[in-house]
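Shown next, in structure tokens, is the structure this report addresses.
All of the numbers you see were taken from the coordinates with simple rules; none came from a lab. Computed from a predicted structure; not experimentally measured. Because the Cβ atoms are built from the backbone with ideal geometry, glycine has one as well, and the counts that use them run over all protein chains shown.
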Amino acid sequence: MDEIRIQCESAHGDYITARRDGRKVVLNTFRTNEYQVNVFVSPSAVRDHARRLIDLADSIDGGGSSVGAPIHVGDRVRVVEDDDCNRAGDFVGRVGTVKEVRDEFTRLPYTVTFGTGDHGDHDGWWRCARVERVDEASTQANPSRSDRILRAKELLPAGASASDLIQLADYLAG
């Protein structure tokens, strides 16, 4: 394990990395893809804080983890890492459905669809490096603007205007 990356779900360029540096663990923070600060901590401090972070996460969603559980076609997922060679970050944070799972050694093993559009379209599909399973109840309880727009597109007849689409998406927002 060389490096662990935790991606911010609301800002595509914000993330934290963790890696070994001699006998310490170094945490690096990035804001808008720019390095900010590093923190060196002992392995015992990492374990202590990791347990407390897990307790915090469990208090939010009741526990359970999809880490290590295989992703299958049809799973609802959030893009954690898209194609770092083509439009990197454009699809990070987007929620969609797995259309294809290729060999685990492939650079981009997951094909995720966001609607009925073509490859690369906002409502199309994209090949991704890493995805995480999402809790369907949480995405329905707190849908993103793009989720509401996609839902509005499903509900409106073909040929509806952009204005109609935005109005319905705003209505769906409550």
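Summary of computed values
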| item | result |
| --- | --- |
| Cα pair distances in region 1-107, grouped into 5 Å bins until the bin that holds the longest one, percent each | 2, 9, 14, 20, 21, 18, 11, 4, 0 |
| Centre separation in Å (Cα based) which lies between region 75-137 and region 1-64 | 23 |
| Region 3-61: radius of gyration and largest Cα-Cα distance (Dmax), Å | 12.6, 35 |
| Unit charges on C-beta of K, R, D, E only; dipole of region 3-61, Debye | 380 |
